[in-house]
2 protein chains.
Amino acid sequence: MTSGLSFLIAARRCEIDALDQLARTSELVGAIGRLVHALQRERGMSNVFLASHGGRFADQRGPQIAECLALEQQVRAGFDRLEAEHHRAVGAGHGARLFSRIAWVLPGLDALPALRRRIDALELQPAQAVAAFAKLVAGLLAVVFEAADGATDPEISRLLVAMFNFMQGKEFAGQERAFGAAALALGRGDDAQRQQWRHLIESQERCFQVFIDFSGDAVRTLWHDSQSDAVLAELERLRRKGATSVPADALLSQAWFDCCTRRIDAMQTVENCLSADLRALCDHKTAQARSELAAYRQLLGTLAPQAGGALFFDDAQQAQDTTPAQLGRHLERSVLDMVQEQSQRLQAMSDELDTVRASLNERKIVERAKGLLMAHRRLSEAEAHKMLRQTAMNQKRRLVDVAESMLAMADYLPLEPAPRR
Amino acid sequence: MTSGLSFLIAARRCEIDALDQLARTSELVGAIGRLVHALQRERGMSNVFLASHGGRFADQRGPQIAECLALEQQVRAGFDRLEAEHHRAVGAGHGARLFSRIAWVLPGLDALPALRRRIDALELQPAQAVAAFAKLVAGLLAVVFEAADGATDPEISRLLVAMFNFMQGKEFAGQERAFGAAALALGRGDDAQRQQWRHLIESQERCFQVFIDFSGDAVRTLWHDSQSDAVLAELERLRRKGATSVPADALLSQAWFDCCTRRIDAMQTVENCLSADLRALCDHKTAQARSELAAYRQLLGTLAPQAGGALFFDDAQQAQDTTPAQLGRHLERSVLDMVQEQSQRLQAMSDELDTVRASLNERKIVERAKGLLMAHRRLSEAEAHKMLRQTAMNQKRRLVDVAESMLAMADYLPLEPAPRR
């Protein structure tokens, strides 16, 4: 027969397990961030390499690929650690979703060597290579998203949400770099192009806003410092040029690419800082929880094994009982107080977690609407996303609002007949 | 280096672990239901025993207590099983909350023998004994609530939500029995009394409505059959009598008590059926998940270890690639399809789970408002609840609406100074 005290400790141990798990996941998120950054650079080089028919970046691609491979090994090792530990701590539905995301992205990493060979052989169009890298990066970011969504500590969850949004914003900035470079090099500037460019700018701004909302002062300051006024002015000037119809201009395209690259590279310092903060917070929280557990154990060692039992019905009786002896009883901090304190703390954490997690809903709504379109219209994910985005641009509404309307109308959507029936 | 296939399987194993855990929790919920029912009977007997100064139910209390003790042993054994298994599967924040609820209720079970001795010695007022049992039952129901809130499978979660609401509705019915018996025996019938009576009726009706919304046809039919027209007519007649000022009437009080008891005992058949359904559903789900895992493993054994990799970038390239060779490629059901299917299934489950869990929010809001009152006004939980209920009755609003207003105004609440500073 186990006493209430054991469950007080068991609850604490559960929290510590969850924190240990979060520390591993956060470590992995940091490694993913570094790999994504390297892949973004490789994507940029591959884009120019293909566009220049192998003329440019031929020498730099090799070292960049080597860096990607090294970072990929770290990410794979992180995946393996999670898998090895899974029976100890992950459990529950969240672990399943995280693993499912990893299962999705690993074939993408496996397919990288073949992709690189096709780029070496100049077998792909620049846009094809960019889309392939973007798909892989999206898969890696989905792992980070799941880590943020599954975090059980609100403070760590806040940092993971900031981190995810920063990485996603940076990815939109990378896509804008590729898109703008092609647009300026080709020189057309129609309405559709301008709309898509604006979409990439607005998407990244929204992500960075969430990042700012969820970050501490130090990181926020670093972010503002990293975005130098000179680079931002140049960026806006080139964006303006891109928005007006200009003739094809290889030099302008190059200037754009370099300006974006300076900006994106500067972002990496912010991401490294976020990643270090995350690691420090996990260490701090874990150490704190362990020392509190030790204090619990010591305190409980001094109490009778069924302490607290005698007092349980006290306040229920007090409501009717007015004898002063009852009211005057001052008791040492009892097991009941500790349990109540723990329970209130857990409740407060859970409430705060719900609030933080709500910020992730926007993406979930878009994903859900995409899934609906894929099922109802038999589209690929890329096609579904394109269709949603097109509707948003046509209606001048936010992507998430279009997605929400679509979900609300789900029952009215016709089901496309299955092919080859 | 682990392949995507391993993570596909790891995700499935996570789900199975979570289902095993849910099966244990559901078993425990059934045992708690039986104990609560026995405690409700003991409460009713103790109430009459004390009110009649030991004259009535003196003989029946002994066997009832023996039944309670036996059922308590089953519940404690269930707690212990959860604790013993915790390092294998619970994990995460949810386990901590469940254990914290158990830590809270165990001292209550420990304190039962002392409570019973005081009742034997006629040292308590009937209302005191009723309040003490009600507090213990509330603690047990909080464990059931946490089990429902932490469930990771939407279908099982639906049944747990139905079960919790049924148990909570039945507990309100039990409180109404005690309240009405005292009211009819004492014969006063002021406004406050009528309001509190109405509150108990409305609370139970709301719970039973949620139970009906979340139950299958079979259980719903059983519920309607269990509430015989004759008993309901008698119940409403006595409620009407209670609502008008009548003189003290011991016989009427007795008729009320018997009528309520018939109704509540009939409820137990419904609860047993719910409990059996829950067990069957858990068994079914676990068996299904295991056989699917086996099928996965067999299928994956026939594939190359890095299958799927070659296809990962296909659709990203297709967007630009229009060669018919690409489009005509019909491939066997690949790892990528399985991963995508799993990921969509997990996402759908998670969405459905959010919907089911939303039905638990009402109680969470009330709990949060109570916590706020306890902190700001330094009230006990019982006092905070009474204050909220009183406000709701005065303003003729629902408890949850008052709680919501209170939370919205949290920043404006004055903080009561700490005592003895």
Inset, instruction - For segment A:79-201, calculate the relative contact order in percent as a whole number, restricting contacts to Cα pairs under 8 Å that are 6 or more residues apart. - result: 22 percent
Inset, instruction - Starting from the residue with the highest accessible area, list A:Asp217, A:Asp351 in decreasing order, probe 1.4 Å. - result: A:Asp217, A:Asp351
Inset, instruction - Please tell me which of these pairs span more than 19 angstrom C-alpha to C-alpha: B:Lys364/B:Lys386; B:Lys135/B:Lys241; B:Lys241/B:Lys386? - result: B:Lys135/B:Lys241; B:Lys241/B:Lys386
Inset, instruction - Divide by every residue of chain B the summed helix terms, -39500 (n - 2.57) for each DSSP H run of at least 4, and state the resulting mean residue ellipticity at 222 nm, rounded to the nearest 500 deg cm²/dmol. - result: -28000 deg cm²/dmol
Legend entry - Order of exposure, largest accessible area first, which applies to B:His94, A:His37 with probe 1.4 Å: B:His94, A:His37
Inset, instruction - Round to the nearest 0.05 the FRET efficiency obtained for A:Gln60 and A:Ala121 when R0 = 22 Å and r is the Cβ-Cβ distance. - result: 0.75
Legend entry - Distances in nm from B:Ala280 to the matching label points in the other copies, shortest first (labels 7 Å along Cα to Cβ): 5.8
Legend entry - Summed buried accessible surface, chains A and B, 1.4 Å probe, nearest 100 Å²: 7300 Å²
Inset, instruction - Can you send over the carbon and sulfur percentage of the accessible area for chain B, probe radius 1.4 Å, protein chains only? - result: 54 percent
Legend entry - Anchor B:Lys396: aspartates and glutamates whose Cα lies under 14 Å away (excluding residues fewer than 8 positions away in-chain): B:Asp191, B:Glu202
Inset, instruction - Note the distances from B:Arg397 to each other copy's matching label point, with points 7 Å along the Cα-to-beta-carbon direction, in nm, sorted shortest first. - result: 3.2
Inset, instruction - Find, to one decimal place in angstroms, the Kirkwood hydrodynamic radius of segment A:28-108, where the mean of 1/r is taken over every pair of different Cα atoms and then inverted. - result: 14.4 Å
Inset, instruction - Can you pull the one-decimal nm distance between simple spin-label points at A:Ala218 and B:Glu352, each 7 Å off the Cα toward Cβ? - result: 4.6 nm
Legend entry - Label distances, nm, A:Arg194 versus same residue in remaining copies, Cβ-directed 7 Å point: 7.1
Inset, instruction - Compute the convex hull volume of the Cα atoms of segment A:1-49, divide it by the residue count, and report the result per residue in Å³ as a whole number. - result: 51 Å³
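Rounded to two decimals, what is the ratio between the C-alpha radius of gyration of segment B:361-405 and 2.2 N^0.38 Å?
1.02
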Inset, instruction - Write down Rg/Rh for segment A:4-286, rounded to two decimals, with Rg from the C-alpha atoms and Rh from the Kirkwood relation over Cα pairs. - result: 1.02
Legend entry - Rounded to the nearest 10 Å², the accessible area of A:Met406 at probe 1.4 Å: 40 Å²
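Work out, in µm²/s and without decimals, the Stokes-Einstein translational diffusion coefficient of segment A:193-267 at 4 °C, 1.567 mPa s, Rh from Kirkwood over C-alpha pairs.
Translational diffusion coefficient: 94 µm²/s.
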Inset, instruction - Grab the beta carbon distance between A:Ala70 and B:Leu311, set R0 = 22 Å, and tell me the FRET efficiency rounded to 0.05. - result: 0.25
Inset, instruction - Can you work out the accessible area per residue across chain A, with the rest of the protein chains kept in place, probe 1.4 Å, in square angstrom? - result: 43 Å²
Legend entry - Potential lengthening between B:Glu85 and B:Ala408 on full extension [0.36 nm per residue; Cα-Cα distance subtracted]: 112.3 nm
Inset, instruction - Report the Stokes-Einstein translational diffusion coefficient (µm² s⁻¹, integer) for segment A:234-288, Rh taken as the Kirkwood radius over Cα pairs, at 10 °C with viscosity 1.306 mPa s. - result: 114 µm²/s
Inset, instruction - Could you give me the percent of Cα pairs per 10 Å distance bin for segment B:334-399, shortest bin first, beginning at zero and ending with the bin that holds the maximum distance? - result: 19, 28, 18, 15, 12, 8, 1
Inset, instruction - Would you mind estimating how fast the protein assembly as shown diffuses translationally, via Stokes-Einstein at 25 °C and 0.890 mPa s with the Kirkwood radius over Cα pairs, in µm²/s? - result: 81 µm²/s
Legend entry - segment A:108-247: C-alpha pair distances exceeding 27 Å, %: 35 percent
Legend entry - Contact order normalised by residue count of segment B:4-286, Cα under 8 Å, 6+ apart, percent: 25 percent
Legend entry - Residue-level accessible surface for A:Cys273, protein heavy atoms, 1.4 Å, Å²: 40 Å²
Legend entry - Cα radius of gyration and Dmax for segment A:38-178 (Å): 16.8, 52
Inset, instruction - Would you work out which of B:Leu235, B:Leu8, A:Leu112 lies farthest towards the positive end of the dipole of the protein assembly as shown? Charges go on Cβ: Lys and Arg +1, Asp and Glu -1. - result: B:Leu235
Legend entry - For A:126-134, mean number of other protein chain Cβ atoms within 10 Å: 4
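The values are calculated or read from the model by the stated rules, or taken from the named source; none is laboratory data. The structure displayed is predicted, hence computed values, not measured ones. Cβ sites come from the backbone with ideal geometry, for glycine too, and all protein chains shown count toward neighbours. The area values use the complete protein model at the heavy-atom level, side chains included, leaving out ligands, DNA and RNA. Shrake-Rupley method; radii C 1.70, N 1.55, O 1.52, S 1.80 Å.
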